[in-house]
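What follows is one structure encoded as structure tokens, with my remarks underneath.
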Amino acid sequence: MASFAITTDNNGDLPLTYLKEHNVGLMSLTYTIEGQTYDAFHPMDNHAFYEKMRAGAMPTTAQVNPEEAGKVFRETLKEQDCVLHFAFSSGLSGSCQSAMLAAEEVQEEFPDKRIIVIDSLSASLGQGLLVHYAVKMRDAGHSFEEVAAWCEENKLHIAHLFTVDDLFHLYRGGRVSRTKAFIGSALNMKPILHVDNEGKLIPIGKVRGRKHALDDLVRRMGEQITEDYDGIVFISHGDCEADAQYVKEQVKSKFGIQENLIHFVGPAIGAHSGPGTLALFFFAKMR
């Protein structure tokens, strides 16, 4: 048995098979589409979700609440003495605050046990990548304190580069103005965005055309990694797997990086970024 438990929420977009294989606990944000509410344990099929968005459905999401977080912590502490939890960026959601409130309450009930909540300042498989590093360290025998300290010290090295295919969804989420969304769509402009050191979503560029946007993600990655980079690359997509495979091959060709994980941008984030989102995550010199 592992020396301590690792938990996260479904904004980390790690496949359920990964979580099960690596013994990672999960708490869930919910999402509602066409009047029906789903969560990570009772999800809608990802492709079906994005097809509904393409047809005009506008989903909404709700953060992890303290009650749900407390339930996960209590159940986990029945088996383990320590829990290391990775929360969705506080710059994008209140889920981290909910987890911290729950951890404080549960610790009072289990005074001999420990919970550390890490504000990942990350999203999607960026958050998932930080969890992945924690899993590898735990399984290599590092202590609870060592893993928690490393993750806090290095979380701002988890780079997020992504683009979207339709600016309308960013407009709905308040990320771009109506005018920019309209003009950008008319000119086929594709934004390049990242998650900054405050865990917020920030536009950092724009290019014309989808392929140029995908190539620009890889180009920017080359500016942010070390010359001898040998880490894993995570890629998430909003129901555009062919584009994810294209980016994977570009990363392999340009940098020799073969280890990767490709998965959907889950509905909890995809509700705000839309179909056609493509995101690239890696360990960087800086974000």
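The values are calculated or read from the model by the stated rules, or taken from the named source; none is laboratory data. Computed from a predicted structure; not experimentally measured. Neighbour counts are summed over all protein chains in view; Cβ atoms, including those assigned to glycine, are modelled from backbone coordinates with ideal geometry. Note: areas computed on protein heavy atoms with side chains; ligands, DNA, RNA excluded. Shrake-Rupley method; radii C 1.70, N 1.55, O 1.52, S 1.80 Å.
Computed quantities for the displayed model
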quantity	calculated
Residue, modelled with the highest pLDDT, within segment 166-175, restricted to residues that are out of contact with any strand residue (DSSP E or B) (no Cβ under 7 Å at 6 or more places or on another chain) and open to solvent by 20 Å² or more (accessible area, probe 1.4 Å)	Asp166
Close pairs (8 angstrom Cβ cut-off, 6 or more residues apart or separate chains): closer than 13 Å to Leu280 by Cα in segment 214-231, assigned to a helix (DSSP H, G or I) and of a type in the set (A, V, I, L, M) anywhere	Leu214/Val247; Leu217/Val247; Val218/Val247; Val218/Val251; Met221/Val251
Selection count where residues are within 11 Å of Val135 (Cα to Cα), touching a residue at least 40 places away in the same chain (Cβ under 8 Å) and either touching a Phe, Trp or Tyr at 6+ places or on another chain (Cβ under 6 Å) or open to solvent by 20 Å² or more (accessible area, probe 1.4 Å) (or both), scope segment 19-36	1
Wholly within segment 176-287, helices (runs of 4 or more DSSP H) carrying at least 2 residues that are among the charged types (D, E, K, R) and either modelled with pLDDT under 90 or surrounded by fewer than 16 Cβ atoms within 10 Å (Cβ to Cβ) (or both)	178-186, 210-224, 241-255
Cβ pairs under 7 Å, 6+ apart, first in segment 187-200 and free of Cβ contacts under 8 Å to residues at least 60 places away in the same chain, second open to solvent by 80 Å² or more (accessible area, probe 1.4 Å)	Leu187/Arg208; Asn188/Arg208; Met189/Lys206; Met189/Arg208; Lys190/Lys206; Pro191/Lys206; Ile192/Lys206
Residue within segment 62-75 that is of a type in the set (Val, Ile, Thr), modelled with pLDDT of 95 or more, over 15 Å from His263 (Cβ atoms) and open to solvent by 10 Å² or more (accessible area, probe 1.4 Å) present	yes
Residue list for segment 6-18, restricted to those being surrounded by fewer than 24 Cβ atoms within 10 Å (Cβ to Cβ) and of a type in the set (A, V, I, L, M, F, W, C)	Leu16
Qualifying positions in segment 24-38 - under 16 Å from the mean Cα position of the chain (by Cα) and under 16 Å from Gly270 (Cβ atoms)	Ser28, Leu29, Thr30, Tyr31
